[in-house]
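Since the structure comes first, as structure tokens, the remarks are kept for the end.
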Amino acid sequence: MDYDDPTPAGVTREIWRWFPAWVNALIVAFILVAGLTVAGHYLGWWLSAQNATRQAQNTQNGYSNQAALREEATRDFTTLTSIGVQIAGAAGDPSMVTELKAEQSAVAGKICAEAAQVSGAPLPAQQAQWVTANCTAGTLAPDSPDYEPGAP
């Protein structure tokens with residue numbers, strides 16, 4: 001067999017001789033490209049999720065959100081004090097006291113949830129002391145004087 005055979009039959013013979021190698025090379029190239037495409041697709045989804053998480057953290061820790069949390073906590077502390085005054089005034093009406101204590105417990109729980117989200121500059125000293133004494137991991141502690149079983 002002469003490899004320098006320039007005739008059509010010789011050229012055809014040489015092409016078909018190497019055909020299995022070309023097919024194998026194309027299959028391997030296709031598999032590599034498909035694998036890189038799929039991996040890139042999932043990497044893109046993963047990066048998008050990471051970016052969304054980072055953006056949410058930036059928003060949560062942003063100045064305006066933190067300022068709003070502190071203001072809301074201050075308003076809720078005022079409400080908590082007001083409910084305490086109402087409870088003292090309704091001492092003769094047990095059903096009213098029960099209702100007010102449940103409301104007080106709900107407001108106290110809300111304060112604990114807000115305080116858990118505050119980062120950066122801390123709450124004012126009195127508020128921070130109340131949170132330390134009455135909250136556990138963002139919820140109202142059962143040993144808090146404001147805790148009412150069954151209240152939200």
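Things worth noting here:
- The chain - mean residue ellipticity at 222 nm from DSSP helices (-39,500 (n - 2.57) per run, n ≥ 4, rounded to 500): -27000 deg cm²/dmol
- GNM result for the chain, Cα springs below 10 Å: residue of Gly40, Gly62, Gly84 fluctuating most strongly: Gly40
- Summed over the residues of the chain and divided among them, the accessible surface reaches 70 Å² per residue at a probe radius of 1.4 Å.
- When both the stretch 61-93 and the stretch 94-124 are represented by their alpha-carbon centers, they are found 7 Å apart.
- Of every Cα-Cα pair in the stretch 51-131, the percent that sits beyond 19 Å: 47
- As a length-normalised measure over Cα pairs under 8 Å and 6 or more apart, the relative contact order of the stretch 1-127 settles at 23 percent.
- Of the complete DSSP H runs in the chain, those spanning 30 angstrom or more by Cα along the long axis with a mean Kyte-Doolittle score not below 0.0 are 8-60, 94-117.
- Ligands, DNA and RNA left out, the 1.4 Å accessible surface of the stretch 1-41 is 77% carbon and sulfur atoms.
- Options (i) 1.00; (ii) 2.37; (iii) 1.16 - which one matches Cα Rg over 2.2 N^0.38 Å as calculated here: (ii)
The values are calculated or read from the model by the stated rules, or taken from the named source; none is laboratory data. This is a predicted model, so every value here is computed, not measured. All accessible areas refer to the heavy atoms of the entire protein, side chains included, with ligands and DNA or RNA removed. Shrake-Rupley method; radii C 1.70, N 1.55, O 1.52, S 1.80 Å.
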